[in-house]
Amino acid sequence: MTYHSKLDRRRGGRPRVRGFAVLVGMLAIALALAACGSSSSSTSSASSDSSGSSGTTATSAASSSGSGSVSAAAAALAPYKSLPTSINITTPLNSAPPKGKTIVMLGTNNPSNVIIQQGMAKLAKTAGWNFSVVSYDPANPGTFTQAETTALSKHPQYLVEAGLPLTAAQLAMAKNAGAKWILDSVYPVQVKDPVIGQVDAYAQDALMGKIIADYFISDSGGKGNAVIEHIPSYPILDGFTTGFGNEVKANCPGCKTSTTNITIPDLVAGKAASELVSALRSNSSANYLVFDDGPFADGITSALAAAGLKDKVKVIGEAADQAGIAALRNGTEAAWTGFDPGYQALENMDVAFRDAEGSTIPVDQEAQQPTQLLTKDTIGSTTNWSAPTDAQAQFLKLWHLQAQ
């Protein structure tokens with residue numbers, strides 16, 4: 001499965017405001033989907049010692065690099081220090097999309113999911129397409145199938161949803177009705193009929209894991225000791241922890257990492273911060289705390305301060321939310337990667353437009369979006385990261401459309 005942010009963004013977009021209260025309604029669906037994920041995690045490790053579903057797995061990074069690993073990591077970060085200026089899709093359509101198609105999103109009221117809905121609505125109108133949203137209750141999985149039935153009654157060519165791994169029956173229902181699926185933040189998934197594309201995929205998390213690992217290696221001088229927060233019940237997050245772990249293992253023989261697994265009930269109860277502080281206390285040399293999704297850092301700054309660790313431990317991770325961006329500016333957190341749920345609306349429509357004209361869909365490119373290493377030096381004055389700043393204009397040019 002994925003998290004509320006991943007469930008509705010990736011899951012419909014990552015939530016931009018931290019807070020676990022919104023997760024309470026997600027618990028039932030999270031537990032239902034957890035069976036599709038792994039039960040433990042150990043990143044960057046050749047060996048591990050797991051103490052249970054919620055605990056710390058100690059690891060040490062193996063060596064395959066020489067003394068140049070720190071400088072190599074710094075060099076690898078160079079392309080990600082500037083705000084991205086180009087979208088990752090480059091091939092234009094042959095002509096403007098054929099008018100009159102219908103696309104329906106099965107959506108929730110998650111803020112990031114709503115951003116995607118609003119973006120797709122505007123783009124569909126620009127292209128002369130019909131767009132609507134059919135809502136379902138993410139805390140009640142049974143309502144999703146009913147929502148799909150309602151959506152298919154609109155006779156759409158395309159369906160979009162974020163975060164939920166689809167059942168064989170749900171896939172067959174769409175296929176039998178002549179509809180095709182475009183998926184956001186879903187893992188695992190196979191892009192084959194009736195699924196024609198996915199955005200914000202596993203590869204996106206893996207890339208951001210590598211970027212944060214290179215920051216960790218470079219910033220620590222090749223001697224960092226990191227505690228990694230991870231929620232095994234959200235398989236798509238394995239992309240980040242695996243990407244981070246593989247980069248550290250390959251390029252930083254002097255670095256150490258350990259993974260603290262957080263259970264869904266503890267996440268919902270707001271216990272993650274205290275469990276991570278306990279992990280840091282048991283690893284007295286740890287000086288970095290790594291998060292596999294920005295909103296999971298809820299409460300960590302005050303928890304570190306109360307534990308006397310605020311000046312010792314640097315907070316880093318993927319997909320900064322607004323609180324993380326603010327923390328970068330005031331210096332209480334060190335580094336995040338940028339993520340924009342609004343970009344998903346553009347990619348969703350790009351997949352649909354290409355299919356509608358019979359063009360090849362660049363599946364690997366659609367699966368990712370531009371990102372940036374965000375630090376106090378690079379964050380600037382933004383409060384809500386989005387890049388490229390003219391992404392919509394670039395996509396419209398590829399589609400032979402004019403903004404309305």
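A short reminder: the numbers here are calculations on the coordinates, not readings from a lab. What you see is a predicted model, and the numbers here were worked out from it, not measured in a lab. Positions of Cβ are generated from backbone atoms using ideal geometry, with glycine treated the same way; all protein chains shown enter the neighbour counts.
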key: Cα-based shape type of the range 275-368, given that a ≥ b ≥ c are square roots of the gyration tensor eigenvalues and the cut on a/c is 1.5   = prolate
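Within 10 Å, count the other beta carbons around each residue, average over each peptide in 168-178, 385-395, 212-222, and list them highest first.
Numbers: 168-178: 14.0, 385-395: 17.2, 212-222: 23.7.
Answer by packing, highest mean first, reads 212-222, 385-395, 168-178.
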query = Using a basic spin-label model with each label point 7 Å from the Cα along Cα→Cβ, how many nm lie between Lys397 and Ala168?
reply = 4.7
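Cα convex hull of the range 142-230: mean projected area in nm², to one decimal?
7.3
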request  = With a cut-off of 15 Å, note down the residues of the range 263-292 whose backbone N falls inside the zone around a label point 7 Å from the Cα of Lys223 toward its beta carbon.
outcome  = 285-288
request  = Could you work out the equivalent-ellipsoid semi-axes for the range 161-209, taking the square root of 5 times each eigenvalue of the Cα gyration tensor, largest first, in whole Å?
outcome  = 22, 9, 8
query = If you count, for each residue, the other Cβ atoms within 10 Å and average over each peptide, how do 301-311, 319-329 line up from highest to lowest?
reply = 319-329, 301-311
query = What is the dipole size for the range 261-404, taken about its Cα centre, with +1 at each Lys and Arg Cβ and -1 at each Asp and Glu Cβ, in debye to the nearest 20?
reply = 680
Listed pairs Lys256/Lys310; Lys81/Lys312; Lys125/Lys210; Lys271/Lys310; Lys99/Lys175; Lys210/Lys397 exceeding 26 Å between Cα atoms = Lys125/Lys210; Lys210/Lys397
remark   = Phi-derived 3J(HN,Hα) across the range 114-130 with the Karplus relation (6.51, -1.76, 1.60, θ = phi - 60°), rounded Hz, x for Gly and Pro, is 5, 4, 5, 4, 5, x, 5, 4, 5, 5, 4, 4, 4, 8, x, 9, 8
